[in-house]
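Since the structure comes first, as structure tokens, the remarks are kept for the end.
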Amino acid sequence: GPGLLEKLGDGRQPLRLVVVGHNPSEASWRAGHFYAHPANRMWPILIKTGLAPPGSTGAHDDDRCAAEAGVGFTDLGTGHPGTDSSRFSSTVLGAWRQGFYERLAAHARRTCASVGCSCGSCGAPAVVAFSGK
């Protein structure tokens with residue numbers, strides 16, 4: 001069925017960038033890929049700036065981004081599709097915050113362990129960028 005899992009790679013290499021949305025759009029939820037709505041400008045930006053892997057053409061390439069370009073994707077409200085961000089109050093967004101931090105911290109711990117890091121920060125993404133309206 002439909003759904004959109006975060007795409008942070010396998011935890012064996014640190015990510016240079018994690019793109020974070022507020023929640024997956026209905027189009028992304030149905031497609032299973034981030035920023036899948038045809039009118040969304042994220043993929044043209046990722047491609048034009050060279051952040052997407054060479055040869056990328058759109059949202060279906062999000063599966064390649066972590067391994068090939070060090071770019072991961074997640075949402076603050078993973079598992080809660082909807083295009084109208086105004087339907088999520090600040091209370092709801094605040095409730096999602098802890099789970100979001102825990103998911104990023106778990107990824108960083110897995111990556112640190114994979115690269116033999118003892119300082120605890122080698123596996124953290126270099127940049128976490130929030131996108132959305």
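Within the accessible surface of segment 1-102, defined with a 1.4 Å probe on protein heavy atoms only, the carbon and sulfur portion equals 56 percent. Dipole magnitude for the chain: computed about the Cα centre from +1 point charges on Lys and Arg Cβ and -1 point charges on Asp and Glu Cβ, it is near 220 debye.
Working ranking of peptides 32-39, 52-59 by packing, defined as the average number of other Cβ atoms within 10 Å per residue, highest first, is 32-39, 52-59.
With the simple spin-label model, which puts each label point 7 Å out from Cα in the Cβ direction, the HIS37 to SER114 separation comes to 3.1 nm.
Given 0.36 nm per residue, what is the gain on full extension from ARG103 to THR57 after removing their alpha carbon distance, in nm? Please list the in-between numbers first.
Numbers: separation 46, 0.36 × 46 = 16.56 nm, distance 2.80 nm.
My answer for the length gained is 13.8 nm.
Cysteine residues of the chain whose C-beta has no other cysteine C-beta under 4.7 angstrom: CYS65, CYS119.
What accessible area per residue comes out for segment 76-122, rounded to a whole number of Å², with a 1.4 Å probe? Spell out each step's value before the answer.
On the way: 2840 Å² over 47 residues.
Per residue, segment 76-122 has an accessible area of 60 Å².
Distance between the pseudo-spin-label points of GLU68 and SER121 (7 Å out from Cα toward the beta carbon): 3.2 nm. The residue list THR78, GLY58, GLY94 was ranked by how far each Cα lies along the charge dipole of segment 47-95 toward its positive end, using unit charges on Cβ atoms, and GLY94 comes out on top.
Separation of segment 1-72 from segment 73-133 is 14 Å, based on Cα centroids. Please state the shape class of the chain: rounded when a/c is under 1.5, otherwise prolate if a/b exceeds b/c and oblate if not, all from the C-alpha gyration tensor. Oblate, because a/c is 1.5 or more while a/b does not exceed b/c. Net charge of the neighbourhood of HIS107, taken over other residues with C-beta under 15 Å away and scored Lys/Arg +1, Asp/Glu -1, is +2.
A probe of 1.4 angstrom, applied to the heavy atoms of all protein chains, finds ASP75 with accessible area near 10 square angstrom.
The values are calculated or read from the model by the stated rules, or taken from the named source; none is laboratory data. This is a predicted model, so every value here is computed, not measured. Note that each Cβ is placed from the backbone with ideal geometry, even for glycine, and that neighbours are counted across all protein chains shown. Only protein heavy atoms, including side chains, enter the accessible area calculation; ligands, DNA and RNA are left aside. Shrake-Rupley method; radii C 1.70, N 1.55, O 1.52, S 1.80 Å.
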